[in-house]
Amino acid sequence: MNQAFESSLEDFHIDLLLTEGTEIDLGDFRLRVIHTPGHCSGAVCFLETDNGLLFSGDTVMANGVIGGVLGSGNISDYLDSVRHLSLLRVEKILPGHGHVSTDYDNDIKRAIERLELLLDESKILFDAVRHSQDSFDQITRSLRKLNM
């Protein structure tokens, strides 16, 4: 991420390794870590099950807004992560940006639809680039034959 934002890399110390299923006891609350790669490879959400709260960071926001796909992210992983989140019982999404959401099921559904569309559009784009390269290669071969 430092390279993406042209920041200098400084040494840091990891106090707590957050892996899938890790529970963080905050006294009155317990948060379970859910690894949600996609926005970036290390993305996580935190689930507080007693009150049905999902601290979603940039993974999903109100109205099904998604955080985009950063350099280490992946659309397919993102889609899998949000599909996994759709299986949870949640009352509120508390995202890293924007408004709190109390319409979890619809917001997750919208996020899945957006990611499916993004994946489909990406496939179309990659196919177009691949076909353009094939055409370019064919033209190049033809020109070389003419110059022989």
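The values are calculated or read from the model by the stated rules, or taken from the named source; none is laboratory data. This is a predicted model, so every value here is computed, not measured. Counting neighbours? That spans all protein chains shown, and the Cβs are built from the backbone with ideal geometry, glycine included.
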Taking the range 15-52 and the residues there that are over 16 Å from the mean Cα position of the chain (by Cα) and charged (D, E, K, R), the one that is nearest to residue 80 (Cα to Cα) would be 32
How many residues of the range 9-61 are touching a strand residue (DSSP E or B) at 6+ places or on another chain (Cβ under 8 Å), in a strand (DSSP E or B) and among the acidic types (Asp, Glu)? The answer is 2
Taking the range 79-103 and keeping residues of a type outside the set (Lys, Arg) and either in contact with a strand residue (DSSP E or B) (Cβ under 6 Å, 6 or more places away or on another chain) or closer than 11 Å to residue 61 by Cβ (or both) leaves 90, 93, 94, 95, 96, 97, 98, 99, 100, 101, 102
The residue from 47, 115, 54 that alone is in contact with a Leu (Cβ under 6 Å, 6 or more places away or on another chain), farther than 27 Å from residue 16 by Cα, at pLDDT 90 or above and of a type in the set (A, V, I, L, M, F, W, C) is 115
Taking the range 88-125 and the residues there that are part of a helix (DSSP H, G or I) and hydroxyl-bearing (Ser, Thr, Tyr), the one that is nearest to residue 55 (Cα to Cα) would be 104
Worksheet item: Scanning for something out of contact with any Ser or Thr (no Cβ under 8 Å at 6 or more places or on another chain), aliphatic (A, V, I, L, M) and not in a loop (DSSP other than H, G, I, E, B), does the range 71-87 turn up at least one residue?
Response: yes
